[in-house]
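This report concerns only the one structure given below.
The values are calculated or read from the model by the stated rules, or taken from the named source; none is laboratory data. Bear in mind the structure is a predicted one, so any value in this text is a computation, not a measurement. Every residue, glycine as well, gets a Cβ built from its backbone with ideal geometry; the counts of neighbours run over all protein chains shown. Remember, those area values only see protein heavy atoms, side chains included, never the ligands or the DNA or RNA. Shrake-Rupley method; radii C 1.70, N 1.55, O 1.52, S 1.80 Å.
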Amino acid sequence: MDDLYREGIGLGIELAAHLDDIGKRRMMNFVLLTMRELQSKLSRTLKVLCLGDGLGIDSVTLASNGFEVDYMDYEHSVMSECAKLNLMKAIDKKEMSVRIVTRVDGTYDCVMCLEVIEHVPDPVSF
């Protein structure tokens, strides 16, 4: 089991199994509402960095809601490769702005790292 998680396969399976989790959906709805409020105040499209976005689902959700999204994952695990495939498929199907980046260039209005925070022992201090 440790090997599955170390390579990203186990975590990928876990994330896929919890895609419809009500808590996760509520959290994303809160994030979307907050970001839309900020976007209306700035009167421009928000630029978002999705850092360590598991299977890339949050990146797709944000981009499909009109935000300009950069996806970045430090790990080169099987899961990050699955995320890239998910992103490429979503980009092909819909007109949305998602870039897969390997380093941070410039500034962002928001940084999303929800899939990272859930693995941090003390999220408040993070």
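With the checklist (1) at pLDDT below 85; (2) open to solvent by less than 80 Å² (accessible area, probe 1.4 Å) in hand, flag the one item Leu42 doesn't pass.
Of (1) at pLDDT below 85; (2) open to solvent by less than 80 Å² (accessible area, probe 1.4 Å), only one is false for Leu42: (1).
If you take the residues of region 108-126 that are of a type in the set (A, V, I, L, M, F, W, C) and open to solvent by 70 Å² or more (accessible area, probe 1.4 Å), which of them is nearest to Ser40 (Cα to Cα)?
Applying the filter and picking the extreme gives Val111.
Residue-by-condition table, conditions (1) outside any loop (DSSP other than H, G, I, E, B); (2) crowded, with 19+ Cβ neighbours inside 10 Å; (3) at pLDDT 95 or above:
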position: Cys50; (1), (2), (3): yes, yes, no
position: Gly54; (1), (2), (3): no, yes, no
position: Ser59; (1), (2), (3): yes, yes, no
position: Leu62; (1), (2), (3): yes, yes, no
position: Gly66; (1), (2), (3): no, no, no
position: Tyr71; (1), (2), (3): yes, yes, no
position: Glu75; (1), (2), (3): no, no, no
position: Met79; (1), (2), (3): yes, yes, no
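Can you tell me which of (1) open to solvent by less than 60 Å² (accessible area, probe 1.4 Å); (2) assigned to a helix (DSSP H, G or I) is the one Glu37 doesn't meet?
It fails just one condition, (1).
Quick one: how many residues across region 84-107 are under 14 Å from the mean Cα position of the chain (by Cα), closer than 23 Å to Phe30 by Cα and surrounded by 17 or more Cβ atoms within 10 Å (Cβ to Cβ)?
Residues in region 84-107 being under 14 Å from the mean Cα position of the chain (by Cα), closer than 23 Å to Phe30 by Cα and surrounded by 17 or more Cβ atoms within 10 Å (Cβ to Cβ): 3 in total.
Considering each residue of region 50-70, count those that are under 11 Å from Arg99 (Cα atoms) and over 8 Å from the mean Cα position of the chain (by Cα), and give that number.
Residues meeting the conditions: 4.
As an exercise: evaluate Met28 against (1) surrounded by 19 or more Cβ atoms within 10 Å (Cβ to Cβ); (2) part of a helix (DSSP H, G or I); (3) not small (Gly, Ala, Ser) and give the number of the one condition it does not meet.
All conditions pass for Met28, except number (1).
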